[in-house]
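This report refers to the structure that appears directly beneath it.
The values are calculated or read from the model by the stated rules, or taken from the named source; none is laboratory data. Since we're looking at a predicted model, the values are computed, not measured. Positions of Cβ are backbone-derived with ideal geometry, glycine not excepted, and every protein chain shown enters the neighbour counts.
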C-alpha cells in the first residue's frame with residue numbers, strides 16, 4: 001500500500017531505537033489525505049457488508065423458522081453467534097450505528113430472495129427513525145427492532161412506543177417489538193426484550209406479556225421469568 005501511494009511515511013513518526021541496535025529505525029505510516037482514508041474505509045465497509053449478507057443467506061431457513069414459530073431464544077442465539085460474533089471488531093466500533101449496520105446487512109442477506117419478506121432500516125416516523133423493520137407480508141407480521149448501547153432493553157422498547165414506530169404497520173395482524181442491548185466491550189447483544197401485539201376479533205391490538213432474555217454463563221440466551 002505504501003508503494004501504490006495509499007499510505008505515506010509520517011515525517012514526525014520515526015525514531016531510532018537506542019535500546020538495541022543504534023542503527024535500527026522505526027517508521028510510521030499514515031494516510032496521505034482524508035480522501036484516500038475515506039475511500040479505503042468505504043471499500044472495506046462494502047466488503048464487510050457483502051460478507052454479512054453472504055452469512056445471512058446461509059442462515060435463511062433457520063432464522064425464518066425461529067421467527068414464525070416464536071422461538072425467541074433460538075433467534076437471538078443466531079443473531080448473537082452468526083451475525084454479530086462474525087462481524088467482530090472489523091465491523092463494530094462500539095456505536096449503535098455499527099450494530100444497526102451489522103444486523104441490517106445480515107437480515108438483508110437472510111431474506112434477500114425470500115418471497116414476501118422485506119427488510120428496511122432508518123424508516124421515518126413523525127417523531128424519529130426506527131432502527132430496523134422486518135415485514136413478513138405472507139403472514140401479515142412486522143418485526144420492529146430498536147438497539148441500544150449502554151441503555152436498558154426497557155428503554156429500547158419505550159422508544160418504539162414513544163415515537164410511534166409501530167404505527168406505520170397498522171395493516172399487520174401481528175407486530176413484534178424487539179429491544180436489544182448491545183455491549184460495547186463484548187461487541188455483541190447481551191439482553192433482549194420482546195413484546196408481541198396481536199390483533200383480535202375486534203380489530204384491536206392485544207399486547208402479550210413481555211418476555212425478557214439474557215445471556216447465561218455459557219454464552220447462550222435464556223428467558224428470564
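Filtered by the rule that a residue be assigned to a strand (DSSP E or B) and under 13 Å from residue 70 (Cβ atoms), region 198-225 gives 198, 211, 213, 223. Exactly one residue among 103, 134, 138, 147 is in a helix (DSSP H, G or I) and assigned by TED's automatic domain parsing to the domain that holds residue 211, and that residue is 103.
So, in region 116-129, of the ones that are touching a strand residue (DSSP E or B) at 6+ places or on another chain (Cβ under 6 Å) and part of a loop (DSSP other than H, G, I, E, B), which residue ends up surrounded by the fewest Cβ atoms within 10 Å (Cβ to Cβ)? Ranking the candidates gives 122 first. Only one of (1) farther than 21 Å from residue 219 by Cα; (2) modelled with pLDDT of 80 or more; (3) part of a helix (DSSP H, G or I) is not met by residue 66, so which one is it? So residue 66 meets the others, but not (1).
Do you know which residues across region 155-168 are farther than 21 Å from residue 84 by Cβ and either assigned to a helix (DSSP H, G or I) or not assigned by TED's automatic domain parsing to the domain that holds residue 184 (or both)?
Pass one, region 155-168, residues farther than 21 Å from residue 84 by Cβ: 158, 161-168.
Those that are farther than 21 Å from residue 84 by Cβ and either assigned to a helix (DSSP H, G or I) or not assigned by TED's automatic domain parsing to the domain that holds residue 184 (or both): 158, 161, 162, 165, 166, 167, 168.
Here residue 136 clears all of (1) within 13 Å of the chain's Cα centre (by Cα); (2) within 20 Å of residue 211 (Cβ to Cβ) except the condition numbered (1). Yes or no: residue 85 in contact with a strand residue (DSSP E or B) (Cβ under 8 Å, 6 or more places away or on another chain) and either modelled with pLDDT of 90 or more or in the same structural domain as residue 219 (by TED's automatic domain parsing) (or both)? Taking the combined requirement at face value, the residue satisfies it.
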